[in-house]
Amino acid sequence: RIAAWGIKEVFFLDQTFAARRADALEFCLQLASEKLNLKWACLCRVDLIDEELLIAMKAAGCHTIQFGVETANETTLHASNKPIDHKTTKQAFSLCARHSIRTVGHFIFGLPGDDKNSAKQTVELAIVLDCDFAAFNIAEAVVGTSMQEEAINADWQLTPDPSQPYSFPQSSGVTFGEVNEWRRMAIRQFYFRPSYWLKRLRDVQSWHEIKRLFSNGLHIFKKHRVWAGKS
């Protein structure tokens, strides 16, 4: 039916593809056997990836995996109920590179305990991981989450409004403006590297990708044209 509809690309919205490894492996083996030539991307955790599964995913058409790395501060990670160490994270990204699967790393600034130094370490981690793409975000105390409860109990000022679905918790004297500048710094340092754009050019497989790469690069440079070290 997918072939009849002309569908060639799929993005699986499941936040943790492979959470049930046996099911994920069986799905990939079955998809590969169907020979649909379907290309797809998904989100996963770095601690759920292993080489056998990754090979099956690649054979089934997976070309990109998005990972939530969050922060270089392992203490903050553990406090956020994500007990993952950097060794595991690096292994997952290295495996993807070995099998030519693109990676997107998601990083968060402003988590409880985050400061300017840990923000710099997070950017350095993103560069070491050599993500194909990096998304730098600002922490949000979503209504109903433990993070919002912690912010309220600690009497942190929530900006702009604690009743809104998404609010930034101003903790330890860190303001939204400071965290936003960390994010801007991260984008500049990650994307304004000649080595990054050379890698992107080496990876393009069509004229369409070249045009898209040029368009994305132009957008990034226009929006974040303030160079590192300047404001």
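The values are calculated or read from the model by the stated rules, or taken from the named source; none is laboratory data. This structure is a prediction, so every number in the text was calculated from the model and none was measured. Backbone-built Cβ (ideal geometry, glycine too); neighbour counts: all protein chains shown. Protein only, heavy atoms only, side chains kept; ligands, DNA and RNA dropped before computing areas. Shrake-Rupley method; radii C 1.70, N 1.55, O 1.52, S 1.80 Å.
By per-residue mean of other Cβ atoms within 10 Å, what is the highest-first order of 63-69, 99-105?
Per-residue Cβ counts within 10 Å, averaged per peptide and sorted highest first, yield 63-69, 99-105.
Could you pull out every residue, at least 5 positions away or on a different chain, whose amide H is within less than 5 Å of the one on CYS62? Hs are placed 1.01 Å off N in the peptide plane, and Pro or chain starts have none.
TRP40
Could you give the size of the charge dipole of the range 73-155 about its Cα centre, using +1 on the Cβ of each K and R and -1 on the Cβ of each D and E, expressed in debye and rounded to the nearest 20?
Magnitude of the dipole: close to 480 debye.
Output wanted: per-residue J couplings in Hz (rounded whole) for the range 43-56, from phi through Karplus 6.51 cos²θ - 1.76 cosθ + 1.60, θ = phi - 60°, x for Gly and Pro.
10, 7, 9, 5, 7, 9, 9, 9, 5, 4, 5, 5, 4, 5
Along its principal axes, what span do the Cα atoms of the range 80-152 show, with the longest given first and each in whole Å?
For the range 80-152, the Cα extents along the three principal axes come out at 44, 25, 20 Å.
Points 7 angstrom from Cα along the Cβ direction at LYS87 and GLU124: gap in nanometres?
2.0 nm
Using the Karplus curve 6.51 cos²θ - 1.76 cosθ + 1.60 with θ = phi - 60°, what ³J(HN,Hα) values do you get for each residue of the range 190-198, in whole Hz, with x for Gly and Pro?
7, 8, 8, 9, x, 4, 5, 6, 5
Could you go through the range 127-137 in sequence order and give the Karplus-derived ³J(HN,Hα) for each residue, using 6.51 cos²θ - 1.76 cosθ + 1.60 with θ = phi - 60°, rounded to whole Hz, and x for Gly and Pro?
5, 5, 5, 6, 4, 6, 9, 10, 10, 9, 10
State the percentage of accessible surface on the range 25-68 attributable to carbon and sulfur atoms; use a 1.4 Å probe and exclude ligands, DNA and RNA. Can you show the working numbers first?
Values: 1080 of 2020 Å².
Looking at the range 25-68 in its full context, I get 53 percent from C and S.
Evaluate E = 1/(1 + (r/R0)^6) for HIS78 and ASP203, where r is the Cβ-Cβ distance and R0 equals 41 Å; express this FRET efficiency to the nearest 0.05.
Between HIS78 and ASP203 the formula returns 0.75.
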